Amino acid sequence: MNATALRLVLTLTAGSLVGAIFVLSKLLLSSGLNPFIVSFVQTAGAAGLILAVLRARGQRLPLDPAALRFYATAGAIAVAGSALLGNWVLARIPAGIFTVLVTLSPMFTSLFNALVERRWPTPTALAGTVLGLAGVLLVLVPRAQSVEPEQALALTVALGVPVLLAIGNVYRSRRWPAGVSAPMSTAGTMLVQALAVLPLLAGAELQGSAAQVAAVWPLLLAMVLVTLAANVAAAALQRIADSVAYSQLGYVVALTGVVWGAVLFDERLGWSFVPAVALVFAGVILANRRVAAAPAAAAPSVVSDRLAGAAR
């Protein structure tokens, strides 16, 4: 498989998995589970699993100053975008609208990358970003019109999620430390996220939470496994793509979230979904043309948010 095809496969895989994370979060939050419990189980569970796999392979997590700085910064961005903003917003607006808003991250990534490098993206990367945005706007506009007045604040706050995702994209692309593999990056950043959420969890109202966790443990397990797979796939993608090409997975996230929103939450797809898919797919292909892989010492991967850790 050539480099362009590999980037395309990883973009579609990681984006679909991240979209599934948002939907699983919505299901868990709709059950009444505390959002900090969701975030802690998600991040600690994923970090624990991947650390166990690394240990079984005889690999150790790099803990030199550059690696620790990378884990801490990337993890903090993911916590802010996912555990704090993301879960707060998801509890207040439909999953389909939230995942579509996440697709603004490629536009912010292109802007921040241009500011940092003091040059515009390549014409193909810019065209791909615009095409993808046009595609998701076909889905976003009708849904945005259906938002209730009391959801307006949450919708405004939600714009902070793609901004944080974009910051994370640019940071990881430029500061990926030498000797850190995609699974190592996932383990380190997810561990930081879990530790950051722990004090928030300690101060939350958790009465009755044990019974709630017992009732939804299959969903929590699914969340951990999907989070792990999504972050490893995203980390692998960012090691071979620049930040603008990497950010295109946000468009895939949006369409995945819209599909699952229709299946699980009775959110209608509408006539615009098919052309939206075509535009997003064309945009991803364009953005990934002639992308040079960055050197291992400085290149690159939530999610997260993570997201989000990522998110994105």
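Quick notes on this structure:
- Highest to lowest packing among 60-73, 21-34, scored as the average C-beta count within 10 Å: 21-34, 60-73
- Where labels lie 7 Å past Cα in the beta-carbon direction, separation of Leu198 and Ala52 in nm: 1.9
Each reported figure results from applying straightforward, stated rules to the coordinates on display, with no laboratory input. Just so we're clear, the structure is a prediction, and the values are computed from it rather than from any experiment. With ideal geometry, Cβ positions are generated from the backbone for all residues, glycine too; neighbour counts draw on all protein chains shown.
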